[in-house]
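Worksheet: the structure to be examined is printed underneath.
The values are calculated or read from the model by the stated rules, or taken from the named source; none is laboratory data. The model shown is predicted, which means the values in this text are computed figures rather than measured ones. Positions of Cβ are generated from backbone atoms using ideal geometry, with glycine treated the same way; all protein chains shown enter the neighbour counts. Just the protein is used for accessible areas: all its heavy atoms, side chains included, with ligands, DNA and RNA removed. Shrake-Rupley method; radii C 1.70, N 1.55, O 1.52, S 1.80 Å.
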Amino acid sequence: MVDEVVGEMTLAVRNTPPLPRPSRSEDDLELAAFDDLIDEIGQTITQSALFVLEKHPAKQVSRELGSEAAMLAALKFAALAAYTGHVGLNDAQDELQMAMGEVMRNMRASPELPRRRA
């Protein structure tokens, strides 16, 4: 299933028209609003995912399975957003890598967050 989602994401991003990313050509004022927008959308997506996980008939699934479902849904959403935002495959991969790095740093800095099992 993960391979299927990654394939869909790769295909969607690969077919992105070769246009410059909007964030590469905006002024500083727009970019400040852009950063706020990223934070607010991220919070909204997280709240929506938690709501669905609590209300869905399959809410009895494990925390890990729920997290994986949220990740796969987010990747599909990211592929669509990358396509409509004119973000190419290399940029999308770079952004995903940076996001993963940020999450890992936050996990190391926050001992109260659940740890990944080996």
On the given criteria, is Ala82 farther than 17 Å from Glu4 by Cα and surrounded by 14 or more Cβ atoms within 10 Å (Cβ to Cβ)?
-> yes
What tally of residues in the range 1-25 results from selecting those that are modelled with pLDDT of 70 or more, part of a loop (DSSP other than H, G, I, E, B) and open to solvent by less than 70 Å² (accessible area, probe 1.4 Å)?
-> 1
